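Data first, discussion second: the structure below is written as structure tokens.
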Amino acid sequence: MALFVKQETYFVWQMTSYFDCAATAPIDLDARTALLRFTDLEYGNAGSRTHEFGVQAKRAVQSARAQIAELAGARADEVIFTSGATEANNLAILGLRAHGERTGRRHIVTTAIEHKAVLEPVQALVAAGFEATIVAPSTDGRVSADDVLTAVRPDTLLVSVMHANNETGALQPIEAITSGLVGTNALFHVDAAQSFGKLRGPLTDPKIHMISVSGHKLYAPKGVGALIVRRGETKVPLAPLTYGGGQERGLRPGTLPVALVAAFGAACAAASRDADARVARCSEIRQHLLHAFEPLGAMINGSSDNGLASTLNISFPGLDSEAVILVLKDLVALSNGSACTSASYDPSHVLVAMGLSDDRIDGALRFSWCHMTEEPNWEVVAARIRSLS
């Protein structure tokens, strides 16, 4: 009986359209193949130099570095593997503490719409005596490049601005900020967890000193990510947060998870190869969604012109988000906020920072999809939502 229930539940999941790709995405076929190969067959340690298992593992890691670096116009030796973008963000921010204390540059500029994996490390530095300027966004969820650049001071150590917001999909003016920081001493860090491998152009600028990326947002398995640390004219004076082993240029010790790394590399190669087709498919789904929800008075929370093709944050007038999620639970899997803070019932700090009304925030729903997403019957979805009115 238990087995029957498990199979039945799995069947229901498969009948539900998955629209929570900003939380985590399905795994790419090439990534899955690499994952299984280096889990089951070529399971050597990349640090083992005395036998062929280790040699093959090291080659896989080197290949993955190059595949990941290519998406950012970086060099393979600029890729530092981590467990994900959260760890990468922590290393990029907290890893500068000693340098800031030594040089007296203890000022950080960031934005109010950053992921908590940026905001909380910044607050940890503030508690240690640093100062932070938090730039507010406009009502469309985008910060002004001028506001960010105006906040920069002679003692600014770091500017940290995300590329694409994880709740609204709104794109931040990374290019303008990068150009505006030329001639300053401030280091520039970009959290690109949501955009890496999807929007390439702005991230290839060598004047971006650090980029945080996540595997499972780009169709690789969970548990792997990277911090890309440029090795250009400006040296990034990072110190490790953990010690023991000296791997990853001494910045992130520990045995590399070769299977996860190889899968991440394969996912990046696929993203580079299929970029145009993926954007076209995501844009098509976006059009279908907006067409279905327009008669319901749906309000877009975030920029309608400057955002990811695969993410929309929407509120329906007079409807609570939990009620909509409940009525759609067998049709569409979606969320009403960041999965990283889903245990909290506090209002979204992103939507609050945008200055939206309480009712609009309470009704906010995040639809996020990818090129592999199976669309639901939008007429049925719209009818379910209309039934709540």
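The values are calculated or read from the model by the stated rules, or taken from the named source; none is laboratory data. These figures come from a predicted structure and were not determined experimentally. As a convention, Cβ positions derive from the backbone with ideal geometry for all residues, glycine included, and neighbour counts pool all protein chains shown.
Would you mind finding the one in Thr86, Thr82, Thr111 that is under 30 Å from Leu289 (Cα atoms), surrounded by 15 or more Cβ atoms within 10 Å (Cβ to Cβ) and of a type in the set (S, T, N, Q)? Give the derivation first.
Working: Thr86 fails: under 30 Å from Leu289 (Cα atoms); Thr82 fails: under 30 Å from Leu289 (Cα atoms).
Within the list Thr86, Thr82, Thr111, the selection yields Thr111.
When residues of region 190-217 are filtered for being over 16 Å from Leu260 (Cβ atoms), in a strand (DSSP E or B) and under 11 Å from the mean Cα position of the chain (by Cα), how many remain?
4
Does region 216-226 include one or more residues that are at pLDDT 95 or above and over 27 Å from Ala266 (Cα atoms)?
Step one: list which residues in region 216-226 are at pLDDT 95 or above, which gives 216-226.
Narrowing further to those that are over 27 Å from Ala266 (Cα atoms): none.
Looking for residues that are at pLDDT 95 or above and over 27 Å from Ala266 (Cα atoms), one finds none in region 216-226, hence no.
Determine whether region 232-249 contains at least one residue that is in contact with a Leu (Cβ under 7 Å, 6 or more places away or on another chain), at pLDDT below 95 and closer than 24 Å to Leu35 by Cα.
Checking region 232-249: at least one residue is in contact with a Leu (Cβ under 7 Å, 6 or more places away or on another chain), at pLDDT below 95 and closer than 24 Å to Leu35 by Cα.
Pick from region 61-85 the residues that are of a type in the set (S, T, N, Q) and in a helix (DSSP H, G or I): which of them is nearest to Val118 (Cα to Cα)?
Of region 61-85, the ones of a type in the set (S, T, N, Q) are 62-63, 67, 82-83.
If we keep only those that are in a helix (DSSP H, G or I) as well, we get 62-63, 67.
Details: Gln62: 28, Ser63: 29, Gln67: 26 Å.
That would be Gln67.
With respect to Glu78, is the statement that it is among the charged types (D, E, K, R), touching a strand residue (DSSP E or B) at 6+ places or on another chain (Cβ under 8 Å), assigned by TED's automatic domain parsing to the domain that holds Arg231 and more than 18 Å from Gly223 (Cα to Cα) true?
Criteria met by Glu78.
Could you count how many residues in region 246-256 are without any contact (Cβ under 8 Å) to a residue 40 or more places away in the chain and in a loop (DSSP other than H, G, I, E, B)?
3
Which pairs have Cβ atoms under 7 Å, sit 6 or more apart or on different chains, and link a residue in region 108-133 that is at pLDDT 95 or above to one that is part of a loop (DSSP other than H, G, I, E, B) and of a type in the set (D, E, K, R)?
Pairs that qualify, where the first residue is at pLDDT 95 or above and the partner is part of a loop (DSSP other than H, G, I, E, B) and of a type in the set (D, E, K, R), are Gly129/Arg106; Phe130/Arg106; Glu131/Arg106.
Please tell me if Val148 is without any contact (Cβ under 8 Å) to a residue 60 or more places away in the chain and not basic (Lys, Arg).
Yes: the conditions hold for Val148.
Run down Leu238, Leu312, Leu319, Leu260 and say which single residue is among the hydrophobic types (A, V, I, L, M, F, W, C) and assigned to a strand (DSSP E or B).
Answer to the check: Leu312.
Filtering region 199-215 down to residues that are closer than 18 Å to His371 by Cβ and in contact with a Phe, Trp or Tyr (Cβ under 9 Å, 6 or more places away or on another chain), which residue is surrounded by the fewest Cβ atoms within 10 Å (Cβ to Cβ)?
Only one residue fits best here, namely Ser214.
Looking at this structure, is Glu294 touching a strand residue (DSSP E or B) at 6+ places or on another chain (Cβ under 7 Å) and either closer than 30 Å to Asn336 by Cβ or charged (D, E, K, R) (or both)?
The answer is no for Glu294.
Pick out the one residue from Thr133, Thr168 that is surrounded by fewer than 23 Cβ atoms within 10 Å (Cβ to Cβ) and either among the β-branched types (Val, Ile, Thr) or in a loop (DSSP other than H, G, I, E, B) (or both).
Values: Thr168 fails: surrounded by fewer than 23 Cβ atoms within 10 Å (Cβ to Cβ).
Of Thr133, Thr168, the one residue that is surrounded by fewer than 23 Cβ atoms within 10 Å (Cβ to Cβ) and either among the β-branched types (Val, Ile, Thr) or in a loop (DSSP other than H, G, I, E, B) (or both) is Thr133.
From the set of residues in region 14-39 that are of a type in the set (D, E, K, R) and assigned to a helix (DSSP H, G or I), which is surrounded by the most Cβ atoms within 10 Å (Cβ to Cβ)?
Asp30
Taking the stated definitions as given, is Asp274 closer than 28 Å to Ala98 by Cα and surrounded by fewer than 19 Cβ atoms within 10 Å (Cβ to Cβ)? Before the answer, list the steps.
Working: closer than 28 Å to Ala98 by Cα: no; surrounded by fewer than 19 Cβ atoms within 10 Å (Cβ to Cβ): yes.
Spelling it out, it is not the case that Asp274 is closer than 28 Å to Ala98 by Cα and surrounded by fewer than 19 Cβ atoms within 10 Å (Cβ to Cβ).
Taking the options Ala66, Ala85, name whichever one is closer than 22 Å to Leu308 by Cβ and at pLDDT 90 or above.
Just one listed residue meets the conditions, Ala85.
Output the residues belonging to region 86-121 that are farther than 19 Å from Ser214 by Cβ, under 20 Å from the mean Cα position of the chain (by Cα) and either assigned to a helix (DSSP H, G or I) or not β-branched (Val, Ile, Thr) (or both).
If the condition is that a residue be farther than 19 Å from Ser214 by Cβ, under 20 Å from the mean Cα position of the chain (by Cα) and either assigned to a helix (DSSP H, G or I) or not β-branched (Val, Ile, Thr) (or both), then Ala112 is the only one that fits.
For region 171-187, name all the residues that are in a loop (DSSP other than H, G, I, E, B) and β-branched (Val, Ile, Thr). Walk me through it before giving the result.
Step one: list which residues in region 171-187 are in a loop (DSSP other than H, G, I, E, B), which gives 172-173, 181-186.
Hits for region 171-187 are Val182, Thr184.
State which residue is farthest from Glu284 (Cα to Cα) when the search covers only region 307-319 and only residues that are of a type outside the set (Gly, Ala, Ser) and either buried (at least 17 other Cβ atoms within 10 Å of the Cβ) or modelled with pLDDT of 95 or more (or both).
Here the residue is Leu319.
Given the options Ser315, Ser272, Ser321, Ser310, name the one that is under 25 Å from Asp140 (Cα atoms), under 19 Å from the mean Cα position of the chain (by Cα) and touching a residue at least 24 places away in the same chain (Cβ under 8 Å).
Ser310
Leu149 - would you say it is surrounded by 20 or more Cβ atoms within 10 Å (Cβ to Cβ), outside any loop (DSSP other than H, G, I, E, B) and in the same structural domain as Ser214 (by TED's automatic domain parsing)?
In short, no.
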